[in-house]
Amino acid sequence: MTVFLTAVLLPFASLLYGAALALRDGGAPVWEWVRILVVVALFLTLIIVFPDAAPVAEVVAVAMIVLFHVTGFYAWRLFGTGIPADEKGDAKDGRR
Amino acid sequence: MEWILPLERINLKSVSSTGGKAARLGALLQAGFNVPGGFLITAEAFQLHHPVLLEEAPPPPVLVPAFRTALAEAFTRHFEPGEAVAVRSSAIDEDGAGMSFAGQHATYYWIGADRLEQAVMDCWRSLWSPAAHAYRTVWDQSVHPMAVVVQRMVRATRSGVCFSHDPLDPVPGTVVIESCFGLGAALVDGRVQPDRLKIDERGGIVDLQIGDKQVMVPASVTDASGTRLEPVPEHLRTTPVLTTREAIALHEATEQIEFLFDEAVDVEWAFDESQLHILQARPITTIAAPPVIDRRLVLFKPIAENFSEPMTPMSVDLFAAVLPRVGEFVRGRLYLDFDRIKPLLPLAVEDAELIDILLLRRSPSSLRFSLQGLLKSAALGAAAWLAFGTFWSRSARVRPEVLEIRFVPWLERLKQHSSLPVPSFFKRVLFGASPWLPAWQLMLQLNVSAGRYFLLIGVLHQLIRRWATDFDPERIDDLVHESSTMWSKRMVADVTALATIARSHDDSARALRSEEPIEQVRQLATDHPFVLALGQFLVRFGHRGPREIDLATPRWREDVTPLLIMVRNQMLHGSDEPGDRYARHLVARDLLRKTLRSSVKQAVVNAVLRRIRYYVTLREDTRHYHTMIFDAVRSRLLAVEHELLNEDKLKCAGDIFFLRYSEVEALRSGHAGARDVSALIRERRVAHLRESRCLPPETFGLRVVKRQEDRSYSTLRGQCACTGEVEGIARIVLRADQAHALKPGEIMVAPYTDPSWTPLFPPLAGIVVGIGSYLSHAGTIAREYRIPCLVDVKGCIERIPDGHRIRLNATEGFVELIHDSADMELEPDAGGEDSISETSPVPDSADSIEAWR
């Protein structure tokens with residue numbers, strides 16, 4: 001059940017994570033808050049309906065999305081473009 | 001033993017003591033050609049001062065008194081007092097049939113009697129220059145003695161090179177003439193884009209490419225060691241160098257020289273005010289061979305369609321470091337590795353079809369997916385979704401105004417404060433350094449992901465085909481109406497506004513109409529409304545310019561000429577009618593609403609249309625910001641170049657773009673010097689110019705199936721980028737800043753377009769582009785202005801005569817020459833669909849090259 005729920009929740013976790021980053025990126029409309037609230041409501045409902053499986057499945061789904069996002073970025077950088085992982089730059093956001 | 005010989009006494013038999021160059025000059029003089037007179041310092045004189053020849057450079061010799069006396073006497077005998085001469089190497093192994101040593105040894109211009117001895121010793125010494133040493137090493141040669149030619153200087157107003165056979169085409173019979181203003185040094189060093197003429201064996205001009213001759217070495221230069229390059233007056237830059245009569249005379253002379261030496265030759269020539277002078281003739285040593293590529297490659301269209309010229313070595317070096325490993329650069333153009341791409345695509349297609357897909361010639365609705373391929377790539381797709389799905393969804397939420405508000409200040413801060421080396425800076429701003437960065441800092445990824453509108457347009461076509469059968473498919477393009485805040489639209493609006501301001505003031509209108517608009521605009525007061533508006537425009541769009549993908553190209557902020565020419569065109573011919581286009585959009589939307597009837601269907605179609613509009617805008621806007629990144633990288637490179645020029649490690653502005661970054665670092669750190677890179681730069685500049693004249697091959701190691709429809713000579717096929725049908729006058733425009741003759745209502749025929757061409761579009765009746773795809777810039781902007789547009793029309797530049805009437809059918813995908821004029825009639829081409837017919841009209845009159853053009 002936990003595995004099944006994790007697979008089902010992956011797109012929702014992606015939606016949640018994407019909306020959160022979009023809000024952080026700036027300029028996102030109120031819609032992003034609505035998306036987040038809907039997904040959070042779904043997650044809470046699942047915890048009530050499946051108290052044993054849902055909490056673990058939700059955490060794993062979100063963690064998988066974040067992990068793949070991070071590893072995907074570095075994999076692309078390293079294998080896709082050949083930029084060494086340690087070449088990060090000296091001035092994040094242009095401030096020293 | 002003779003140290004000095006008059007040139008008239010030399011012939012081909014004396015080559016062992018005079019060198020190939022001098023021997024041929026003597027033979028030419030004896031045959032009656034107009035060769036500047038002078039004398040030769042023989043190899044014996046060299047051996048007198050260098051009795052032992054080693055690979056290492058010897059210390060400078062002390063000239064023997066008897067030789068000094070003989071040299072002074074020869075100068076007095078051959079030249080007037082105070083006359084300047086050219087001192088030129090003629091090494092014994094130079095200008096042979098196997099090796100030319102072209103540019104490896106020294107030549108000095110405008111040398112007076114007082115500097116003659118030093119110039120002769122410097123010429124001898126160039127035998128041990130790093131460039132000559134490297135050349136000998138490659139050809140496994142030892143050091144040979146050197147003779148030196150001392151010749152009268154020609155006050156060349158025009159000069160160049162003439163090949164008795166086209167070096168790029170092994171088939172004999174065509175003479176190629178390259179010409180520039182002033183002395184030929186700028187041409188042979190590859191610093192100027194020359195005019196290029198081809199004359200067939202019957203004496204007819206079969207091809208003429210007018211170069212943008214930005215610089216020249218003036219005939220009046222007196223200091224060979226100083227900065228010799230001067231800008232060519234603006235009105236001459238794109239004016240043909242030679243008249244037809246002069247070109248034919250040169251052709252005849254070259255054929256006679258080829259007959260004299262009984263081999264293919266390249267001839268250096270110069271015209272003073274009236275006379276043709278032959279400066280050099282040597283065997284053509286290289287017939288260009290295609291590069292040996294052992295992989296199967298397909299041209300990467302999204303870059304090629306914006307920029308058909310090759311990138312300069314610095315651009316290639318920097319881009320190659322950041323682009324995915326599924327491709328590689330060949331002679332300055334990016335290609336995809338067919339065998340790496342193929343397994344990644346779940347398509348049930350043959351190789352030929354896949355080539356068409358990669359060349360963006362097939363619409364998504366015609367693709368067939370393979371079940372096996374889909375299953376095989378399902379896992380890959382799932383992993384890709386997990387890895388990139390987040391960015392995919394984030395890029396669907398980026399608002400254009402956020403890009404403007406946040407990206408621009410961020411890039412400015414980074415430009416000012418970053419201490420990263422240029423390549424790292426480039427990677428940093430293009431790819432970001434962390435997955436947590438805001439989406440607006442990942443501009444390249446945004447641009448790529450915005451390309452999904454192509455799929456959505458396929459969806460839109462399907463929906464309308466199923467739900468609105470009565471809706472005219474030709475109106476679908478009218479439904480897509482991009483945001484009015486899109487940067488390309490703003491740029492057109494601003495150019496139009498500039499033209500309106502210029503038109504409303506007599507002095508600015510007069511300045512723009514003049515032959516030297518830059519000089520005239522500079523004369524305007526600093527608070528003149530046009531000058532103020534121009535300044536504001538450059539603040540917003542100064543980082544844009546022609547061929548802006550290549551880092552070597554000056555931006556509008558640096559060279560405002562192309563922009564002023566666009567403003568002038570708009571001022572003289574502009575007739576933008578945005579109202580009509582918006583009205584068409586409203587009519588199409590209304591018709592669709594009536595045809596769809598169901599509110600649910602309407603909502604679905606409207607949602608798809610909104611998304612298309614969003615992604616089209618995002619894609620165009622991210623292009624605008626990309627160019628800011630390229631501009632920032634260019635500024636950094638120019639700062640490095642300035643430093644190297646001040647240290648005399650580089651000779652000329654722009655040289656840095658013909659080096660790799662590692663070579664620049666070697667120069668900065670002192671591990672390499674000016675001598676180490678000068679020959680390299682010259683060689684790369686010449687190669688770049690040569691490549692610029694050729695359209696890139698679409699594939700390597702793969703056979704492209706020719707379309708049957710191409711076989712008709714008067715009809716050319718292409719891809720429909722914006723549907724519609726129109727008939728009108730074809731106007732060939734090779735570069736955005738050469739669009740002087742373009743008039744409203746004409747059909748523009750161009751080799752490619754990039755965003756800097758946008759202001760040319762509004763008044764046009766139609767557009768035909770030699771390269772490109774539905775997604776290309778030309779297609780996007782044409783749809784926005786609802787101008788019939790056909791892209792990927794092979795041979796359009798060569799086969800559509802300028803000023804000819806054509807019928808453009810961008811609905812069925814062809815352009816047709818209308819034979820209503822006897823003097824422009826074209827014959828069917830028996831030689832194959834891609835060859836150029838020799839029957840293009842050839843002028844007879846002396847000054848008609850411009851007219852023929």
request  = Pull up all non-local amide H partners of B:Asp207: gap of 5 or more, or a different chain, and H-to-H distance under 5 Å with H placed in the peptide plane.
outcome  = B:Lys198
message = Could you give each residue of the stretch B:517-522 its phi-based ³J(HN,Hα) in whole Hz, using Karplus coefficients 6.51, -1.76, 1.60 with θ = phi - 60°, and x for Gly or Pro?
response = x, 5, 4, 5, 5, 5
ask   = Roughly how many nanometres apart are two label points built 7 Å out from the Cα toward the Cβ at B:Gln416 and B:Glu263?
value = 6.3 nm
query = Residue by residue, what Karplus-based ³J(HN,Hα) values in Hz, rounded to whole numbers, does the stretch B:552-563 have, using 6.51, -1.76 and 1.60 with θ = phi - 60° and x for Gly and Pro?
reply = 7, 7, x, 7, 4, 4, 8, 9, 8, 3, x, 5
note = Using alpha-carbon positions, the gyration tensor of the stretch B:390-511 gives root eigenvalues a ≥ b ≥ c; with a/c under 1.5 called rounded, otherwise prolate if a/b exceeds b/c, else oblate, the class is oblate
query = Near the amide H of B:Ala219, under 5 Å away, which other amide H atoms are found, from residues 5 or more places off or on another chain, if H is placed in the peptide plane?
reply = B:Leu183
task = Mind checking the full-extension length gain between B:Glu8 and B:Thr243? Use 0.36 nm per residue of separation minus the Cα-Cα distance, one decimal, nm.
result = 81.5 nm
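Report the full-extension gain for the segment B:Met121 to B:Glu474: residue separation times 0.36 nm, less the Cα-Cα distance, to one decimal in nm.
So the extension gain works out to 119.6 nm.
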ask   = In whole Å, what is the distance between the alpha-carbon centres of the stretch B:28-69 and the stretch B:509-568?
value = 52 Å
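Let me check against my output: what whole-number percent is the relative contact order of the stretch B:567-688, with C-alpha pairs under 8 Å and at least 6 apart? Each step should come with its number before you reach the end.
Numbers: 35 pairs, mean separation 16.3, N = 122.
The normalised contact order for the stretch B:567-688 reaches 13 percent.
Distance cut-off 24 Å, Cα to Cα: go down the list B:Lys301/B:Lys651; B:Lys489/B:Lys743; B:Lys198/B:Lys794 and report the pairs above it.
B:Lys301/B:Lys651
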ask   = Using modelled backbone amide H atoms (1.01 Å from N, in-plane), which distant-in-sequence or interchain residues come within less than 5 Å of B:Phe300's amide H?
value = B:Leu334, B:Tyr335, B:Leu336
remark   = Rg from C-alpha atoms of the stretch B:465-526, normalised by the globular rule of thumb 2.2 N^0.38 Å, equals 1.96
message = Taking θ = phi - 60°, what integer Hz values does the Karplus form 6.51 cos²θ - 1.76 cosθ + 1.60 yield along the stretch B:764-771, in sequence order, with x for Gly and Pro?
response = 7, 8, x, 9, 10, 10, x, 10
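Using 0.36 nm times the number of residues separating B:Arg610 and B:Asp339, minus their current alpha carbon distance, what extension gain do you get?
Numbers: separation 271, 0.36 × 271 = 97.56 nm, distance 3.70 nm.
Separation in residues times 0.36 nm, less the Cα-Cα distance, equals 93.9 nm.
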query = A:Leu67 versus B:His505, label points 7 Å from Cα toward the beta carbon: distance in nm?
reply = 6.6 nm
query = Which distance in nm do the two modelled labels at B:Leu236 and A:Val56 give, with both placed 7 Å along the Cα-to-Cβ direction?
reply = 8.4 nm
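Sorted by packing (mean other beta-carbon atoms within 10 Å per residue), highest first, where do B:240-250, B:624-634 land? Mind dumping the intermediate values first?
Values: B:240-250: 19.8, B:624-634: 21.5.
Ranked from most to least packed, the peptides come out as B:624-634, B:240-250.
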query = For the stretch B:563-693, what does the alpha-carbon gyration tensor say about shape, rounded, prolate or oblate, given a ≥ b ≥ c as the root eigenvalues, a/c under 1.5 as rounded, and a/b over b/c as prolate?
reply = prolate
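Just so you know, all these numbers are worked out from the coordinates, no wet-lab data involved. Here the structure is a predicted model, which is why all the values come from computation and not from measurement. Virtual Cβ from ideal backbone geometry, glycine too; neighbours counted across all protein chains shown.
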